[in-house]
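The values are calculated or read from the model by the stated rules, or taken from the named source; none is laboratory data. Quantities reported herein were computed from a predicted structural model and do not represent experimental measurements. For neighbour counting, all protein chains shown are included, and Cβ atoms are generated from backbone atoms with ideal geometry for every residue, glycine included. Keep in mind that these areas ignore ligands, DNA and RNA; they rest on the heavy atoms of the full protein, side chains included. Shrake-Rupley method; radii C 1.70, N 1.55, O 1.52, S 1.80 Å.
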There are 2 protein chains.
Amino acid sequence: MTNIAFIGLGNMGLPMAKNLLGADLTVHGFDLSDEARAGLADAGGSAFSTIAEAVADADVVISMLPSGAIVKAVYEGEDGVFKNAKAGALMIDSSTIDVTTARDVAQEAKALGFDMVDAPVSGGVGGAAAGTLAFMVGGSAAAFSKASPILEPMGAKIVHCGASGNGQAAKICNNMVLAISMIGVSEAFNLGRALGLDDQTFYDVAANASAQCWSLTSYCPVPGPVPASPANNDYQPGFATALMHKDLGLAMEAVASSGSNTPMGHLAADIYETMMDNGHGDVDFSGVIKHLAGTL
Amino acid sequence: MTNIAFIGLGNMGLPMAKNLLGADLTVHGFDLSDEARAGLADAGGSAFSTIAEAVADADVVISMLPSGAIVKAVYEGEDGVFKNAKAGALMIDSSTIDVTTARDVAQEAKALGFDMVDAPVSGGVGGAAAGTLAFMVGGSAAAFSKASPILEPMGAKIVHCGASGNGQAAKICNNMVLAISMIGVSEAFNLGRALGLDDQTFYDVAANASAQCWSLTSYCPVPGPVPASPANNDYQPGFATALMHKDLGLAMEAVASSGSNTPMGHLAADIYETMMDNGHGDVDFSGVIKHLAGTL
């Protein structure tokens, strides 16, 4: 019997914890919010108002938190995970945070004798509820082997990306390409329209040619060609501009700390920053097509 | 029996003309170059040193030329196609040129009673030789119907994109996305490397996630993951930087004339312009990954 402590029962964490309960695992949860704790209790878990209580009996600690600063505080704080967890407990941080903090916390875990992996996800709230998240995992092969069966009830894909921090690196590199390709596809639809090209016609050409990309064929930013894409639902997320803006911020932190050269990544970050400044954080990130056209 | 006049027997035009000969069509060709004319004659065609002679008996005139100015001169000039073609001849311009010139020449053709389509291609020299080009066709439905069976021996895909100029519009919009996604993928590999992420690992994550795109999974800019991509052959083209630079120039002309807003497209054009300025026009366009890393 594996006891799991789940730290952070928000929009992502709570449905993930429910999938662990559904796999007959014991889940002791922590969240600052009364409502979040009640949500876990209603689903059959045990909710606690201190980290110490939640992790006391845990074989595995999983966290799903909004920022690197909070991850650091939760793990390294006086009342945090490291001070209160059992010897030998496995740590899995599924938050999306900066690579540097992920590596710092994993190093501290190692120094204290804990195995730890970073395991950020893609798939959003829908994937969390359905148990079909993709986990990008950074850490030792041994830690990855231990973490995999725990992640299984929550995920459809679990990929080992290398050493600590590499899960975060893979996620921000992926999402940087996603932002760039979504903006590129949006610019092309806007230009095509200005030249008299029908949306569906451009889609039919591009989807079968070298412009093919997930942003076009799975998440098309114009209504019509891909019925499930948020463009058909007035750009309700989906994947909100605020989340893309956060991920691009993490990417640009990594660019700065590593001295890499990403002019398109910078431009994408600037464009989503402007959408945030204009108050459009809650619009799906494919709404950038309207932002670029001046119609958002 | 259909008589075809083929104007422009270069790297693309000659193999295209050969595929027409292979389909038992009569081809009368014109090119300024002795060598090009000899190439057509060797393949069983008849080569002429004036446009007037080449088009005299033609039911269909096909052109494959390097620029809009040359297309205009070839069709509208004193010794050009319009002055010398038979009444009712069909005109097919497969050159990649600016939308405005394509529409001007088609309008002039119409005024003179000729059907004309713009039909730029993708697929490169390899596709021209194999007869597997993709034709993006702009013009009336009637002209498209007449042109399709003529294009068939040269192409694997023939798409009607709408009115005159829309073939050019579809091609430049497609290639603008291609340039943007190639640069985006290249930045992500470079950033991943700087963060300690293995190329193949990032490929495996991204190819199955929202960063998937043709630039990644069919034309990967790092050696290894996609064996046929030019990255495995020291960035020999493939699709040369000079050609991508040309297409982005045409896209930026269309942006300017239509008042569209394409910040990523502009940045892509600037980046390939710099590669040209640095003398790398003959490097495959996926070599932008080395340009960005400062190792080209």
Please enumerate the residues belonging to segment A:166-182 that are closer than 27 Å to A:Asp93 by Cα, at the interface with chain B (Cβ under 7 Å from one of its Cβ atoms) and among the small types (Gly, Ala, Ser). A:Ala169, A:Ala170
Any residue that is open to solvent by less than 30 Å² (accessible area, probe 1.4 Å) and under 22 Å from A:Lys110 (Cα atoms) - is there at least one of those in segment A:39-48? no
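Restricting segment A:197-221 to residues that are among the charged types (D, E, K, R) and either within 15 Å of A:Ser286 (Cβ to Cβ) or assigned to a helix (DSSP H, G or I) (or both), which is nearest to the other protein chains (Cβ to nearest Cβ)? Give the steps one after another, and end with the answer.
At the first step, the residues of segment A:197-221 found to be among the charged types (D, E, K, R) are A:198-199, A:204.
Cutting the leftovers down to either within 15 Å of A:Ser286 (Cβ to Cβ) or assigned to a helix (DSSP H, G or I) (or both) gives us A:199, A:204.
Numbers: A:Asp199: 11, A:Asp204: 7 Å.
By that ranking, first place goes to A:Asp204.
Looking at the structure I just gave you, is B:Ser148 among the hydroxyl-bearing types (Ser, Thr, Tyr), closer than 13 Å to B:Ala102 by Cβ and more than 7 Å from chain A (Cβ to nearest Cβ)? Give the steps one after another, and end with the answer.
On the way: among the hydroxyl-bearing types (Ser, Thr, Tyr): yes; closer than 13 Å to B:Ala102 by Cβ: no; more than 7 Å from chain A (Cβ to nearest Cβ): yes.
So B:Ser148 fails the test.
Based on this model, can you work out whether A:Ala102 counts as modelled with pLDDT of 95 or more and within 23 Å of A:Leu248 (Cα to Cα)?
Details: modelled with pLDDT of 95 or more: yes; within 23 Å of A:Leu248 (Cα to Cα): yes.
Judged against the criteria, A:Ala102 is a match.
Specify which of the listed residues (A:Val185, A:Val137, A:Val125, A:Val121) is more than 9 Å from chain B (Cβ to nearest Cβ) and over 20 Å from A:Ala251 (Cα atoms). I'd like the intermediate steps shown before the answer.
Numbers: A:Val185 fails: more than 9 Å from chain B (Cβ to nearest Cβ); A:Val137 fails: over 20 Å from A:Ala251 (Cα atoms); A:Val121 fails: over 20 Å from A:Ala251 (Cα atoms).
Only one candidate passes the filter, namely A:Val125.
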All-but-one check, A:Lys86 against (1) over 30 Å from A:Tyr219 (Cβ atoms); (2) of a type outside the set (A, V, I, L, M); (3) within 12 Å of chain B (Cβ to nearest Cβ), failing number (3)
Hey, can you tell me all the residues within segment B:272-287 that are hydrophobic (A, V, I, L, M, F, W, C) and either outside the structural domain of B:Tyr219 (by TED's automatic domain parsing) or out of contact with any Leu (no Cβ under 8 Å at 6 or more places or on another chain) (or both)? B:Met276
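Yes/no matrix, rows are residues, columns are (1) surrounded by 23 or more Cβ atoms within 10 Å (Cβ to Cβ); (2) out of contact with any Gly (no Cβ under 7 Å at 6 or more places or on another chain):
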site	(1), (2)
A:Gly249	no, yes
A:Ser258	no, yes
A:Thr262	yes, yes
A:His266	no, yes
A:His280	no, no
A:Lys290	no, yes
A:Ala293	no, yes
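Go over the candidates A:Gly249, A:Gly279, A:Gly287 one by one and state the one that is part of a loop (DSSP other than H, G, I, E, B) and more than 10 Å from chain B (Cβ to nearest Cβ).
One residue alone meets the criteria, A:Gly279.
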Only unsatisfied item for B:Ser210, checking (1) open to solvent by 10 Å² or more (accessible area, probe 1.4 Å); (2) of a type in the set (Ser, Thr, Tyr); (3) in contact (Cβ under 8 Å) with a residue 40 or more places away in the chain, is (3)
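Looking at segment B:222-240 only, could you name the residues that are part of a loop (DSSP other than H, G, I, E, B) and open to solvent by 10 Å² or more (accessible area, probe 1.4 Å)? Walk me through it before giving the result.
First, pick out the residues of segment B:222-240 that are part of a loop (DSSP other than H, G, I, E, B): B:222-229, B:234-239.
Correct list: B:Pro223, B:Gly224, B:Pro225, B:Val226, B:Pro227, B:Ala228, B:Asp234, B:Tyr235, B:Gln236, B:Pro237, B:Gly238, B:Phe239.
What about A:Ala254, is it over 21 Å from B:Gly184 (Cα atoms) and either of a type outside the set (Asp, Glu) or open to solvent by less than 10 Å² (accessible area, probe 1.4 Å) (or both)?
Values: over 21 Å from B:Gly184 (Cα atoms): no; either of a type outside the set (Asp, Glu) or open to solvent by less than 10 Å² (accessible area, probe 1.4 Å) (or both): yes.
Criteria not met by A:Ala254.
On the basis of being open to solvent by 40 Å² or more (accessible area, probe 1.4 Å) and closer than 19 Å to A:Asp115 by Cβ, does A:Ala163 make the cut? Even if it seems obvious, please write down each step before you answer.
Numbers: open to solvent by 40 Å² or more (accessible area, probe 1.4 Å): yes; closer than 19 Å to A:Asp115 by Cβ: yes.
Considered against the rule, which asks whether it is open to solvent by 40 Å² or more (accessible area, probe 1.4 Å) and closer than 19 Å to A:Asp115 by Cβ, A:Ala163 comes out as yes.
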Number of positions in segment B:202-243 that are among the polar types (S, T, N, Q) and farther than 16 Å from A:Met176 by Cα: 7
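Can you find a residue in segment B:222-230 that is within 7 Å of chain A (Cβ to nearest Cβ) and either on the phi < 0 side of the Ramachandran plot or touching a residue at least 12 places away in the same chain (Cβ under 8 Å) (or both)?
no
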Taking the stated definitions as given, is B:Met176 under 14 Å from the mean Cα position of the chain (by Cα), open to solvent by less than 40 Å² (accessible area, probe 1.4 Å) and within 30 Å of A:Val255 (Cα to Cα)? yes
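Taking the conditions exactly as written (within 21 Å of A:Gln200 (Cβ to Cβ) and in a loop (DSSP other than H, G, I, E, B)), does B:Ser148 satisfy them or not?
no
Yes or no, residue by residue, for (1) without any contact (Cβ under 8 Å) to a residue 24 or more places away in the chain; (2) more than 16 Å from A:Gln168 (Cβ to Cβ); (3) more than 21 Å from the chain's Cα centre (by Cα); (4) surrounded by fewer than 20 Cβ atoms within 10 Å (Cβ to Cβ):
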position: A:Pro15; (1), (2), (3), (4): no, yes, no, no
position: A:Leu25; (1), (2), (3), (4): no, yes, yes, yes
position: A:Met64; (1), (2), (3), (4): no, no, no, no
position: A:Val71; (1), (2), (3), (4): no, no, no, no
position: A:Asp79; (1), (2), (3), (4): no, yes, yes, yes
position: A:Asp93; (1), (2), (3), (4): no, no, no, no
position: A:Arg103; (1), (2), (3), (4): no, no, no, no
Within the group B:Ala134, B:Ala130, which residue is within 21 Å of B:Lys18 (Cα to Cα) and in contact with a Ser or Thr (Cβ under 6 Å, 6 or more places away or on another chain)? B:Ala134
Number of the exception - A:Met252 against (1) out of contact with any helix residue (DSSP H, G or I) (no Cβ under 9 Å at 6 or more places or on another chain); (2) under 21 Å from B:Ile180 (Cα atoms): (1)
Test set (1) open to solvent by 20 Å² or more (accessible area, probe 1.4 Å); (2) within 14 Å of the chain's Cα centre (by Cα); (3) at the interface with another protein chain (Cβ under 9 Å from one of its Cβ atoms) - A:Thr132 fails condition number: (3)
Just to check your reading of the model, which residue among A:Ala109, A:Ala54, A:Ala89 is open to solvent by less than 40 Å² (accessible area, probe 1.4 Å), of a type outside the set (Ser, Thr, Tyr) and closer than 29 Å to A:Gly249 by Cα? A:Ala109
